[in-house]
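Scroll down for the structure; my scribbles are underneath it.
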Amino acid sequence: MKKFVNDVDQLLVEALQGLQAAHSDLLELHLDPNYVTRKQPAKKKVALISGGGSGHEPLHCGLIGKGMLDAACPGQVFTSPTPDQMLAAAQAVDNGQGVLFIVKNYAGDVMNFQMAAEMMDRPCATVLVNDDVAVERSQHTTGRRGVAGTLIVEKLVGAAAEAGASLEQCKALGDRVNSRTASMGVALTSCTVPAAGRPTFDIGDGEMEFGVGIHGEPGRRRGPMKPARELVDDLLAAILADLKPERGSEVLLHVNGFGGTPLVELYLLYHCAQKVLEREGIRIGRSLVGNYTTALEMAGASLTVTQFDGEMKSLWDAPVHTAALRW
Amino acid sequence: MKKFVNDVDQLLVEALQGLQAAHSDLLELHLDPNYVTRKQPAKKKVALISGGGSGHEPLHCGLIGKGMLDAACPGQVFTSPTPDQMLAAAQAVDNGQGVLFIVKNYAGDVMNFQMAAEMMDRPCATVLVNDDVAVERSQHTTGRRGVAGTLIVEKLVGAAAEAGASLEQCKALGDRVNSRTASMGVALTSCTVPAAGRPTFDIGDGEMEFGVGIHGEPGRRRGPMKPARELVDDLLAAILADLKPERGSEVLLHVNGFGGTPLVELYLLYHCAQKVLEREGIRIGRSLVGNYTTALEMAGASLTVTQFDGEMKSLWDAPVHTAALRW
Amino acid sequence: MNTQDIVSAVEAVQAAILANEAHIESLDRAIGDGDHFINVRRGCEAIVAMRPELSQLPPAAAFERIGMKLLSTIGGASGPLIASFFMSMGRELAGIEQPDTREFAQALAAGVEAIKKRGKADVGEKTMLDVLIPTSRLLQRLAAEGADRESLCMKIKQEAEANMLATRDMIATKGRAHFLGERALGHIDPGAKTSQVAVFAVCDMLTEGAAS
Amino acid sequence: MNTQDIVSAVEAVQAAILANEAHIESLDRAIGDGDHFINVRRGCEAIVAMRPELSQLPPAAAFERIGMKLLSTIGGASGPLIASFFMSMGRELAGIEQPDTREFAQALAAGVEAIKKRGKADVGEKTMLDVLIPTSRLLQRLAAEGADRESLCMKIKQEAEANMLATRDMIATKGRAHFLGERALGHIDPGAKTSQVAVFAVCDMLTEGAAS
Ligand SMILES: Nc1ncnc2c1ncn2[C@@H]1O[C@H](COP(=O)(O)OP(=O)(O)O)[C@@H](O)[C@H]1O
Ligand SMILES: Nc1ncnc2c1ncn2[C@@H]1O[C@H](COP(=O)(O)OP(=O)(O)O)[C@@H](O)[C@H]1O
Ligand SMILES: [Mg+2]
Ligand SMILES: [Mg+2]
Ligand SMILES: [Mg+2]
Ligand SMILES: [Mg+2]
């Protein structure tokens, strides 16, 4: 394992201290339990709190600030945070309008946030993000994962909350955005969890993992490398089969890198995806290309499509001021 | 080689098309010769043009827009662009106030921009960026390289140009910022030039390249991996020996990732660097952490320190609206 | 069983988990995200560090403290599940100073029930429950039958081992392995493995204690 | 020498460069950034594609066109240098329809001079000039002496080879290898290697042509 690190056990805290110092105008770090809040607390609005395992940076701490999150709870690398973190964060940022948890659908995240919600004596609701179409929906299983679509939920609900939406409205909007968002990814390499010290999976030179998540875990199937064009065809086929957008509908297209793939390739993927959507008669109203929901240094990328409706596009355009997204 | 690519020879053009489409509000792409300009041409100001080999994204095309560059000329991966690109870009964006080329100090970039300048019949000047202290200055050699400090030169001169500075003032400011900026980097892995298809260098599991540039080339020396703290000590020792800032002086600290290093590690490096500067009595007035001047998927990072003087801090704070930097 | 037994059991489990590091880690790398060993180790360390405090408490309170501590230490999927297990055991043993084998078996069953509820899972889903549910049932039966410690522990270990191995042939419907679909076939569930390792460690401690 | 010779020479150089791909590439990977082969190949392809156009031109104009095309095709450090070489040769041959060996040697010397000027470099700096300068000088001397083509080519090749190999023991003061300091010792300069390959290709073409 080759990483910039002092003591693996201190990596998370040292990184959080660096994050806070580099964005001292924006962020405030609280340790033990660990959570990060806006430097300038928001006035009277629903408090948006997210969190999850670390290693997905800039998600979620890089998305704290005006127009997005009020707080985030970072767990150990790829390990969901614990209820005490969520309780402390809620205590810190709730100003009487209630707390909305935005949670990626993993057993660990769901259970920890659930226990926090049960232990809390303030109005709260939870939006579960499960945009990954690589996994089938089912009553009997954990269901689909939350991946890069989470950022989109956080952005749109963040804008609505900033504009004064109620807890119920925020929850309803979050669920709606989630139901109109679909993602799928492919990995070319694994990544190394620092505390584990070796790659989570081994993969051959001509292979890729198709339908992966964001934890360096193997995907739905392993297959031979393909030209980018064909890969994008496959990813979008799955996404569009799920969303079933009508011709002429307008979408947000998000090309998300997993960390180890250079921008030049992400833009090439965007180019390929744009051609497919054009062919399908779907308009790209907004786009986002970059490493936002990462899996440490994993090489790979995911495509996310959100089908706009009503005010969703203007919520995307609403001002945001965070470490990773700003306009 | 595992990359998202269709045809290696088309990678650059397809990526540029994706870049343009993803930022169609900001950028305009011109092909053959290849250059990228602002979508909204600037009114009456010195035209800032940069360029260099591709593979360093978001540098330079991601830094085109209000408050920074007017145009950029992307070469093939790690290969300087050619004079016809620079001439066409100058023709497109010069509005009579003259052209300033911002050029990283590599033989190829220098000669190609020089030939363009010789072939051009408009007022023009060149700022050569050579911030990399891993290489000694010398009369008899190519001298130091331009690395991550280039972004800082482009930001500060960009703000001055936007505020109406003359060509001479822009050139003088660029030279001053360059002389007050020093960088040094370390790589943990090499990267693979797509057309070459294999890593530029091989490196063992416990080794690192110290004093590297941004082209996946070997550094000044190979050494054993060290704790982040010690690495940062070494990098800052070289940087501070060059800049010799007085106690109490104020700096910009830029932790730049080379592409393959996750944010969590970059923030950890920032944390380490901040402690060293604190100990030396140097104030961090502004900071920037992220993958800005990359070498494809190379794992590694560089530290850059710019010693503020006069209006430099307010030029950093001036509004900027590009794909990669915005405030 | 008294609090000293609990503390010894925790130490024994920690040692056993550490001894099985490579195997547990490789299992979560294969069908999970590679952190299960680290999560469980972090939990063990936190509890072992609490020994002085725990020794002062009756078993019920000790279990509750252990549960609360694990809840804020482990995280991930296993954290809330293991925490719920201990907290529920603690509640079940409230007021009982020296639980006998039957009372302990009863409390353990309540703990397993808490995992089922929290995880919305049952046997056959390729999780820790595939070891814990049958093992806990067998313990209750053997305790009711008044089996001697030696044979009880031997049978319990056999049951844990067999059920741990059985997860190899399951398709997961809960936890991360579920995302892999059929690809999880042929791999033992990491949580089932740690559960088996923990069961072994406690049994061995109890029987060694008896032998000495 | 006429334009047909130039076109044939370009084809010969392209073939020789392709045949030496692995070696050239490995040299620029070792002490450069790995693109030298790709850059030169891109240049060769562009010129070979221009054959129909070139055939119509006198040598001077053909060299100038080649130079301009390479200037906008190669990029990197080698692009402006090689382009300057050809443009300067073209200027030197202006008005000469069928340059003889002495005139050609003269033009080649002017081309090498242009590289020196553009690159601000000279012998001993571990660049292509370490091959080009002495080889060009020898060519001028041999041409002045009226050496026959066969022995001229043989001596030129020896000179190019020896000087290419000599870059192995140099520390670079120009180009990317300079950034490596002493680490560049033991590696041949990629530009010196392509220069030697090109010299060989042209010589072999000329002598084969003579033999046939
Ligand atoms: N819903 C559930 N019910 C019971 N056990 C579960 C459930 N989800 C996961 N597990 C157990 O948790 C183990 C994984 O734990 P761990 O790796 O620590 O957490 P994570 O999966 O969040 O990384 C699995 O091997 C499985 O035994
Ligand atoms: N200033 C210079 N003068 C002469 N030759 C040079 C100079 N700088 C570089 N070179 C030559 O260029 C070669 C490298 O070319 P290339 O790899 O195509 O460009 P780059 O170094 O920009 O990647 C070197 O091996 C060297 O021979
Ligand atoms: Mg985990
Ligand atoms: Mg190059
Ligand atoms: Mg796990
Ligand atoms: Mg090169």
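The values are calculated or read from the model by the stated rules, or taken from the named source; none is laboratory data. This structure is a prediction, so every number in the text was calculated from the model and none was measured. Note that we place each Cβ from the backbone using ideal geometry, even for glycine, and neighbour counts take in every protein chain shown. Just so you know, the surface numbers come from the protein's heavy atoms only, side chains and all, with ligands and any DNA or RNA stripped out. Shrake-Rupley method; radii C 1.70, N 1.55, O 1.52, S 1.80 Å.
B:GLU209 passes all but one of (1) out of contact with any Asp or Glu (no Cβ under 6 Å at 6 or more places or on another chain); (2) open to solvent by 10 Å² or more (accessible area, probe 1.4 Å); (3) of a type in the set (D, E, K, R); (4) not in a helix (DSSP H, G or I); which number fails?
(2)
Which residue is most open to solvent (accessible area, probe 1.4 Å), if the candidates are limited to segment D:67-90 and must be more than 14 Å from ligand 4 (Cβ to nearest atom) and in contact with a Leu (Cβ under 7 Å, 6 or more places away or on another chain)?
Here the residue is D:PHE86.
Return the only residue of B:LEU151, B:LEU156, B:LEU128 being assigned to a strand (DSSP E or B) and among the hydrophobic types (A, V, I, L, M, F, W, C).
Going through B:LEU151, B:LEU156, B:LEU128 in turn, the sole match is B:LEU128.
On the given criteria, is D:ILE38 out of contact with any helix residue (DSSP H, G or I) (no Cβ under 7 Å at 6 or more places or on another chain), open to solvent by less than 20 Å² (accessible area, probe 1.4 Å) and either away from ligand 6 (no atom under 16 Å from the Cβ) or within 14 Å of chain B (Cβ to nearest Cβ) (or both)?
In short, yes.
Which residues, counting only those in segment B:49-70, are over 25 Å from D:ILE38 (Cβ atoms), in contact with a His (Cβ under 7 Å, 6 or more places away or on another chain) and part of a strand (DSSP E or B)?
Listed by number, the residues that qualify are B:LYS66, B:LEU69.
Hey, could you check segment A:1-48 for residues that are of a type in the set (Gly, Ala, Ser) and assigned to a loop (DSSP other than H, G, I, E, B) and say which is farthest from B:MET298 (Cα to Cα)?
For segment A:1-48, the residue satisfying everything is A:ALA42.
Which residue out of D:ALA162, D:ALA201 is away from ligand 5 (no atom under 16 Å from the Cβ) and surrounded by 15 or more Cβ atoms within 10 Å (Cβ to Cβ)?
Matching residue, one of D:ALA162, D:ALA201: D:ALA201.
For segment C:97-106, give me each residue that is open to solvent by 40 Å² or more (accessible area, probe 1.4 Å) and touching a helix residue (DSSP H, G or I) at 6+ places or on another chain (Cβ under 7 Å).
Hits for segment C:97-106 are C:THR101, C:ARG102, C:GLN106.
Quick check on this structure: which one of D:MET89, D:MET68, D:MET50 is among the hydrophobic types (A, V, I, L, M, F, W, C) and within 14 Å of chain B (Cβ to nearest Cβ)? Spell out how you get there, then give the answer.
Working: D:MET89 fails: within 14 Å of chain B (Cβ to nearest Cβ); D:MET50 fails: within 14 Å of chain B (Cβ to nearest Cβ).
Being among the hydrophobic types (A, V, I, L, M, F, W, C) and within 14 Å of chain B (Cβ to nearest Cβ) holds for just one of D:MET89, D:MET68, D:MET50, which is D:MET68.
Looking at B:ALA89 and the list (1) open to solvent by 10 Å² or more (accessible area, probe 1.4 Å); (2) touching a Phe, Trp or Tyr at 6+ places or on another chain (Cβ under 7 Å); (3) farther than 30 Å from B:ALA187 by Cα; (4) more than 10 Å from chain D (Cβ to nearest Cβ), which single condition is not satisfied?
B:ALA89 satisfies all of (1) open to solvent by 10 Å² or more (accessible area, probe 1.4 Å); (2) touching a Phe, Trp or Tyr at 6+ places or on another chain (Cβ under 7 Å); (3) farther than 30 Å from B:ALA187 by Cα; (4) more than 10 Å from chain D (Cβ to nearest Cβ) except (1).
Tell me, which residue of segment B:50-77 that is among the hydrophobic types (A, V, I, L, M, F, W, C) and under 13 Å from the mean Cα position of the chain (by Cα) is nearest to B:ALA148 (Cα to Cα)?
Among them, the one singled out is B:LEU59.
State which residue is farthest from ligand 1 (Cβ to nearest atom) when the search covers only segment C:67-108 and only residues that are within 20 Å of C:ALA49 (Cβ to Cβ) and not in a helix (DSSP H, G or I).
For segment C:67-108, the residue satisfying everything is C:SER72.
Check D:ILE156, D:ILE188, D:ILE171 and return the single one that is without any contact (Cβ under 8 Å) to a residue 60 or more places away in the chain and within 16 Å of ligand 2 (Cβ to nearest atom).
Residue meeting the stated conditions: D:ILE171.
In the set C:SER55, C:SER72, which member is of a type in the set (Ser, Thr, Tyr) and within 18 Å of C:VAL7 (Cα to Cα)?
Of the residues listed, the single one that is of a type in the set (Ser, Thr, Tyr) and within 18 Å of C:VAL7 (Cα to Cα) is C:SER55.
Out of the residues in segment A:10-67 meeting the condition of being among the polar types (S, T, N, Q) and farther than 18 Å from B:ALA273 by Cβ, tell me which one is surrounded by the most Cβ atoms within 10 Å (Cβ to Cβ).
Taking the candidates together, the pick is A:SER50.
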